[in-house]
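Remarks on the structure that follows.
The values are calculated or read from the model by the stated rules, or taken from the named source; none is laboratory data. Just so you know, these numbers come straight off a predicted model, no measurement behind them. Cβ coordinates were reconstructed from backbone atoms using ideal geometry, including for glycine residues, and neighbour counts include every protein chain displayed. For accessibility, only protein heavy atoms count, side chains too; no ligands or nucleic acids. Shrake-Rupley method; radii C 1.70, N 1.55, O 1.52, S 1.80 Å.
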Amino acid sequence: MQPTLKAMHVAYWEAVGDADPYDDLLGDLYMQIRSRFAAASLGQYFTPKSIARLKARITLSGWEPSDDAVPERLFQINEPTCGSGVLLLQVAYMIAESRGAEALTQWQFVGNDLDGICARMCAIQMLANAMVWQAPYGELLIRHSNTLIPFDEARPEQIVVHAEHRSRTELRRWRKIASIISAY
């Protein structure tokens, strides 16, 4: 079993490298495998890439990157029904294409999905693209959750992935030190 999983892992990484940056490689496959009845019962209808790209273009219209290397506050894109991550991937693609991969460090990408498999697909695709294209995000948070409940009520086990760029971690560490010093 382990050699098969390793081969699948290698094949996926190669597919990400061979595909256009930020392509949704898993969404169509998932919809073909998943029965139509099961998908419909969850209200699952995956957004086509062309529509996701149009939505990304509209979302980013007028956006200008911050002059700060590590801005105090990240720009945020939140997808309450992320599915396989096609909208988040297209926003990342549009940012990287128009402003360069470094601009992605100024963004927080948040995805939620009621279907745990979809949340994991989104996390895998966002992380794989960041690694393969060497374009880290400011922060990435993907949750398996119901977005109709308040964020404070989310349980930690609902977080599929939470990662942030090392510059954000350093900024938070320095802020904590500064607040301790200013307290004296």
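Summary of computed values
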item: Sites TRP13 and GLN76 - FRET efficiency at Förster radius 45 Å, r taken between beta-carbons, to 0.05; result: 0.95
item: Sequence of ASP115, ASP18, ASP68, ASP28 from largest to smallest accessible area, 1.4 Å probe; result: ASP18, ASP28, ASP68, ASP115
item: Segment 3-133, dipole about Cα centre (Lys/Arg Cβ +1, Asp/Glu Cβ -1), debye to the nearest 20; result: 480 debye
item: Solvent-accessible area of GLU139 with every protein chain in place, 1.4 Å probe, in Å² to the nearest 10; result: 30 Å²
item: Listed residues ARG99, ARG143 arranged by accessible area, highest first, probe 1.4 Å; result: ARG99, ARG143
item: Accessible area of segment 47-145 divided out per residue, in Å², using a probe of 1.4 angstrom; result: 44 Å²
